[in-house]
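Notes for the one structure printed next.
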Amino acid sequence: MTQNDIVRKTVLVCQNRTCRKQGSAKVLTAFQQNSVPDVEVVGCGCLGQCGNGPMVLVLPEKVWYCGVHSQEVQAVVTEHLQGSHPIQAMFCRKIRA
């Protein structure tokens, strides 16, 4: 496997109106402050889950986290992004990957 074969992870943090009211700007900032090599963090438009936010989607695994608070970001970074162990307790149960 070469460097070009490695699939890069992307963390999408919804920045649409409802999620922003629920604190997604702080969640985005927390991910940016806890950056991980080869993981891109992007503020994005609506992820279609209004009312379940702040929403975070980790690609390419298609892991959906809902109701994420900025204080929980470090756990996502440590457990999921660095340790490859998604946090099932934070999964959005309404979405099936």
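The values are calculated or read from the model by the stated rules, or taken from the named source; none is laboratory data. Since this is a predicted model, take the numbers as computed values, not measurements. Please note: Cβ atoms are built from the backbone with ideal geometry, for glycine as well, and neighbour counts cover all protein chains shown. The protein model used for the area step is the full one, side chains on, heavy atoms only, and it has no ligands, DNA or RNA in it. Shrake-Rupley method; radii C 1.70, N 1.55, O 1.52, S 1.80 Å.
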Show me the trypsin sites (Lys or Arg not before Pro) within the range 12-69 that DSSP assigns to loop and that have at most 15 other Cβ atoms within 10 Å of their Cβ. Lys62
Extending each Cα 7 Å along its Cβ direction at Cys50 and Ala75, get the distance between those two points in nm, one decimal. 2.9 nm
Could you tell me the accessible area of Ser84 in Å² (1.4 Å probe, neighbours in place), rounded to the nearest ten? 80 Å²
Per residue, accessible area of the range 12-59 with a 1.4 Å probe, heavy atoms of protein chains only, in Å², comes to 50 Å²
Spelling it out for Val41: with amide H atoms placed in the peptide plane at 1.01 Å from N, the residues 5 or more places away or on another chain with amide H under 5 Å from its amide H are Val11
Compute from the Cα atoms of the chain the Rg and the Dmax, the latter being the longest Cα-Cα distance, and quote both in angstrom. 12.8, 43
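Using a 1.4 angstrom probe on heavy atoms only, work out the carbon and sulfur share of the accessible area of the chain in %.
It is 48 percent, rounded to a whole number.
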Accessible-area order for Met55, Met90, largest to smallest, probe 1.4 angstrom, reads Met90, Met55
For the chain, what does the helix formula give at 222 nm: sum of -39500 (n - 2.57) over DSSP H segments with n ≥ 4, over the residue count, nearest 500 deg cm²/dmol? -4000 deg cm²/dmol
Multiplying the sequence separation of Ser35 and Ser84 by 0.36 nm and subtracting their Cα-Cα distance, what value in nm do you get? 16.1 nm
